[in-house]
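Novice: Here it is, the structure, as structure tokens.
The values are calculated or read from the model by the stated rules, or taken from the named source; none is laboratory data. None of these values were measured; they are calculated from a predicted model. Note that each Cβ is placed from the backbone with ideal geometry, even for glycine, and that neighbours are counted across all protein chains shown. Ligands, DNA and RNA are stripped out before the accessible areas are found, and what is left, the full protein with its side chains, is counted by its heavy atoms. Shrake-Rupley method; radii C 1.70, N 1.55, O 1.52, S 1.80 Å.
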Amino acid sequence: MRNHPEDWKSMTLGELLAATGGSIKTGPFGTILKASEYSTEGVPIISVGEVGYGSLRVSESTPRAPHQVVERLPEYRLRSGDIVFGRKGAVDRSAWVTPREDGWFLGSDGIRLRLAPTLDTRFIAYQIQSSSARQWLLQHATGSTMLSLSRRVLENLPVIVPPIAVQHAISDVLAALDDKIAANRKLAATAESLLSARFAELSIDVDHGDQISLDNYFELNPKCSKPISDEPTYLDMQKLPASEILVSEWGRRPGKGGTRFTNGDVLLARITPCLENGKVGYVDFLDDGEVALGSTEYIVLRARSGVPRELAYFLAKSPRFRSTAIQHMVGTSGRQRLSAADVAGFTVRQVDSDVLEEWGRLSSPLVKHLGSLRNENRTLAAVRDTLLPRLMSGELRVRDAEKSVEAVL
């Protein structure tokens, strides 16, 4: 590709839209779409919380736009091939809208980019997901306490536009990796549904039968030794999942304090709106004996002897627990928190130890399988993210990239 540099054009996203067509649209504000119009039925409303790094992720807490809202505001319907950004906070997140997500609804904290059909929209989406583009968005977003993305910022985003045949070739190579990631996520979703069904069969989260307090089953904020490393593994609130069992991303930072946890612990967000959004995660990504740090806004649940370690996750996600937890939040508007004491006092039905043991024998292998799928997806994503800048610079030919992809598929 270095042999044809004249075919590659460098421009801003605004210049690309002016030359080929397309548009940027910000989601509806409260005067257009009121929160009272949200529903539990209809199509998902996509705001910053639903925009991941490359894909859209919805959960049971994602609000829906009913048919009448979609009919009244058709300009906010997403189409296959659109690229959606988070407008506040995690402004470096963007996702390509797949055919399965066609017709979903743009939320108030989202921005939609719609490109001309003469472009390979997935290729442009990959370019925007590159580390250089994400860093550019973080550097140019406005706001001091919370970063904000605007149409003007997006219009100034630099992009490189090779001939359409090259766009298709690069997109096809990278899409093979993403398709495998999507297939793994589908397998994971099936396993998670099975685990949820098995938890429901326990009938532990009910308010009848022999009741005991939750702290009979779990330690709350158990003591942990200090991390050995000066730069321990760290999990911030942004990376705690809202719709999946396992954590997919984590990092490191100097050990300046925070909530301590280890493998087998379950982390529950205790602050608004993270608790309402269902942010809960099972920890399985640490080395044996490793102690990690996280946000001070976590409550840690650790299974007591004889209790399956995975059980706390499903209890924390169950409707009765969530409803009770949200009702016990206290504090000023926008900064309400749940205390560990209120979690400890939550009552559950006492389940026979043999039944719990059997549940653990069935559930533990499935959670380990989820970990294997997650780890494979991390490898596939790393290969994709490594290939993209090399393909974009012309350092790597598409033919050679295909060989790299075949090696991991």
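Novice: Sort through 80, 55, 39, 10 and tell me the only one that's among the hydroxyl-bearing types (Ser, Thr, Tyr), more than 29 Å from residue 181 (Cβ to Cβ) and surrounded by 13 or more Cβ atoms within 10 Å (Cβ to Cβ).
Specialist: Step by step, each of 80, 55, 39, 10 is checked, and only 39 is among the hydroxyl-bearing types (Ser, Thr, Tyr), more than 29 Å from residue 181 (Cβ to Cβ) and surrounded by 13 or more Cβ atoms within 10 Å (Cβ to Cβ).
Novice: Pull out all pairs, ordered by first then second residue, where Cβ-Cβ is under 8 Å, the residues are six or more apart or on different chains, the first lies in region 307-333 and is closer than 20 Å to residue 357 by Cα, and the second is open to solvent by 50 Å² or more (accessible area, probe 1.4 Å) and of a type in the set (Ser, Thr, Tyr).
Specialist: Close Cβ pairs satisfying both conditions: 314/196.
Novice: Sticking with this one: Does residue 285 satisfy the criteria of being open to solvent by less than 60 Å² (accessible area, probe 1.4 Å) and under 25 Å from residue 51 (Cβ atoms)?
Specialist: yes
Novice: Can you run down the residue pairs with Cβ atoms below 7 Å, 6 or more apart or on separate chains, where the first is in region 34-49 and within 25 Å of residue 113 (Cβ to Cβ) and the partner is open to solvent by 60 Å² or more (accessible area, probe 1.4 Å) and part of a strand (DSSP E or B)?
Specialist: Pairs found: 48/88.
Novice: Spot the failing condition for residue 131; the list is (1) touching a strand residue (DSSP E or B) at 6+ places or on another chain (Cβ under 9 Å); (2) under 15 Å from residue 54 (Cβ atoms); (3) open to solvent by 30 Å² or more (accessible area, probe 1.4 Å), and only one is missed.
Specialist: It fails just one condition, (1).
Residues are listed down the side, and each one gets a yes or a no for (1) surrounded by fewer than 20 Cβ atoms within 10 Å (Cβ to Cβ); (2) of a type in the set (Ser, Thr, Tyr); (3) part of a helix (DSSP H, G or I):
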residue: 299; (1), (2), (3): no, no, no
residue: 306; (1), (2), (3): yes, no, no
residue: 309; (1), (2), (3): no, no, no
residue: 312; (1), (2), (3): no, no, yes
residue: 323; (1), (2), (3): yes, yes, yes
residue: 343; (1), (2), (3): no, no, yes
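Novice: Give me the residue from region 143-170 that is within 23 Å of the chain's Cα centre (by Cα) and open to solvent by 60 Å² or more (accessible area, probe 1.4 Å) and, out of that set, nearest to residue 392 (Cα to Cα).
Specialist: Among them, the one singled out is 146.
Novice: Are there any pairs, at least 6 apart or on different chains, whose C-beta atoms fall under 7 Å, with the first in region 74-100 and without any contact (Cβ under 8 Å) to a residue 40 or more places away in the chain and the second open to solvent by less than 30 Å² (accessible area, probe 1.4 Å) and among the polar types (S, T, N, Q), and if so, which?
Specialist: 84/94
Novice: Show the residue pairs meeting these rules: Cβ distance below 9 Å; 6+ apart or different chains; first residue within region 119-139 and under 19 Å from residue 175 (Cβ atoms) and without any contact (Cβ under 8 Å) to a residue 24 or more places away in the chain; second residue assigned to a helix (DSSP H, G or I) and open to solvent by 20 Å² or more (accessible area, probe 1.4 Å).
Specialist: Nothing qualifies.
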